[in-house]
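Trainee: Input: one structure, supplied below.
The values are calculated or read from the model by the stated rules, or taken from the named source; none is laboratory data. This one's a predicted model, so the numbers in the text were calculated from it and none came from an experiment. We place every Cβ from the backbone using ideal geometry, glycine too, and count neighbours over all the protein chains shown. The accessibility values were calculated without ligands, DNA or RNA, using every heavy atom of the protein model including side chains. Shrake-Rupley method; radii C 1.70, N 1.55, O 1.52, S 1.80 Å.
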Amino acid sequence: MTPINAIIISEEQETFQILKKFEEENVMIIEIIGNADCIKDGIILIKEKKPDLILLDIVFKDNLFFEMLEQLEFSIPKLVFISANKDYAVKAFKHDAVDFLLKPIDFNSIIMAVYKVIKRREMERSYQHQKINNINISNTVNQKNDYVAVASLEKIELILMSEITFCKADGKYTVFILSNGTKVMSSRNLGEYCNILDNSYFFRIHHSYIINLRHIAKISKKDGYFCELSNGLILPVAKRRQDDFNKFIKLKD
């Protein structure tokens with residue numbers, strides 16, 4: 001089981017200490033990758049770390065935090081609220097919280113909340129993967145690989161393959177950069193797309209990049225291989241992939 005990556009947003013040092021202690025004793029299911037003591041710093045941390053879970057023990061004066069979550073370019077993290085005020089549970093579930101923990105919190109309540117997060121994440125990913133696989137199978141049979149279905153946990157987008165300039169790894173996510181400059185974030189990792197994208201035109205030049213042959217403007221062989229793309233970006237070809245890349249592009253001469 002891959003641990004849940006979590007961040008803590010709390011004004012209470014005691015809450016942070018309890019959650020850190022819980023992490024130390026449950027490293028197989030949760031990893032705390034950051035903490036903040038205010039909403040402003042919390043928002044910065046969320047965008048930087050892209051957590052699976054946000055543990056919230058803070059008083060909200062407005063809805064700016066939740067409006068920010070809706071604007072994220074990656075999958076919205078799951079929320080677990082923590083408060084001494086039981087009336088705060090209404091706000092928590094209004095914002096689709098996975099759980100609400102009433103203080104004083106104990107390890108049993110925390111572990112139940114974490115397992116709820118794990119269960120919901122697994123259900124969402126299973127559903128999305130089933131849907132996207134069905135779309136890609138249908139596309140292969142009926143549409144001659146014209147489109148690829150790109151899924152986050154919130155939506156599925158159909159992207160014309162000819163419009164994909166390149167794909168890049170972003171941790172456990174993949175970012176599609178399109179010819180019009182648009183970026184589309186997928187909840188799948190880059191490796192999975194090696195078997196989905198049309199291998200007549202797409203090649204993994206690097207651990208972090210898959211490029212579309214249609215959008216290569218120039219290839220430099222000075223001091224290594226570099227691909228200049230139609231958007232002006234220059235990407236390196238990993239040394240161990242150069243021979244295979246050379247064979248790949250010669251097939252298109």
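Trainee: Test each condition in (1) assigned to a helix (DSSP H, G or I); (2) acidic (Asp, Glu); (3) closer than 24 Å to residue 188 by Cβ for residue 67 and report the one that comes out false.
Mentor: (3)
Trainee: Pairs, please: C-beta under 9 Å, at least 6 apart or cross-chain, first residue part of a helix (DSSP H, G or I) and in the range 70-96, second open to solvent by 40 Å² or more (accessible area, probe 1.4 Å) and of a type outside the set (Gly, Ala, Ser)?
Mentor: 70/76; 88/59; 88/102; 89/102
Trainee: Which pairs have Cβ atoms under 8 Å, sit 6 or more apart or on different chains, and link a residue in the range 171-182 that is open to solvent by 60 Å² or more (accessible area, probe 1.4 Å) to one that is part of a strand (DSSP E or B)?
Mentor: 179/164; 179/165
Trainee: Further, regarding this structure: Which ones in the range 46-64 are free of Cβ contacts under 8 Å to residues at least 40 places away in the same chain and either buried (at least 20 other Cβ atoms within 10 Å of the Cβ) or over 24 Å from residue 188 (Cβ atoms) (or both)?
Mentor: Here is the first cut: in the range 46-64, the residues free of Cβ contacts under 8 Å to residues at least 40 places away in the same chain are 46-48, 60-64.
Correct list: 46, 60, 61, 62, 63, 64.
Trainee: Further, regarding this structure: List the pairs whose first member sits in the range 11-39 and is closer than 23 Å to residue 119 by Cα and hydrophobic (A, V, I, L, M, F, W, C), whose second member is open to solvent by 90 Å² or more (accessible area, probe 1.4 Å) and not in a loop (DSSP other than H, G, I, E, B), and whose Cβ atoms are under 8 Å apart, counting only residues at least 6 apart or on separate chains?
Mentor: 29/115
Residues are listed down the side, and each one gets a yes or a no for (1) under 30 Å from residue 78 (Cα atoms); (2) of a type in the set (Phe, Trp, Tyr); (3) modelled with pLDDT of 85 or more; (4) touching a Lys or Arg at 6+ places or on another chain (Cβ under 7 Å):
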| site | (1), (2), (3), (4) |
| --- | --- |
| 144 | no, no, no, no |
| 156 | yes, no, no, yes |
| 162 | no, no, yes, yes |
| 165 | no, no, yes, no |
| 170 | yes, no, yes, no |
| 191 | yes, no, yes, no |
| 195 | yes, no, no, no |
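Trainee: Please count how many residues of the range 94-108 are more than 22 Å from residue 25 (Cβ to Cβ) and surrounded by 14 or more Cβ atoms within 10 Å (Cβ to Cβ). Break it down into steps so the answer makes sense when it comes.
Mentor: Pass one, the range 94-108, residues more than 22 Å from residue 25 (Cβ to Cβ): 94-97, 100.
Those left that are additionally surrounded by 14 or more Cβ atoms within 10 Å (Cβ to Cβ): 95, 97, 100.
Residues in the range 94-108 being more than 22 Å from residue 25 (Cβ to Cβ) and surrounded by 14 or more Cβ atoms within 10 Å (Cβ to Cβ): 3 in total.
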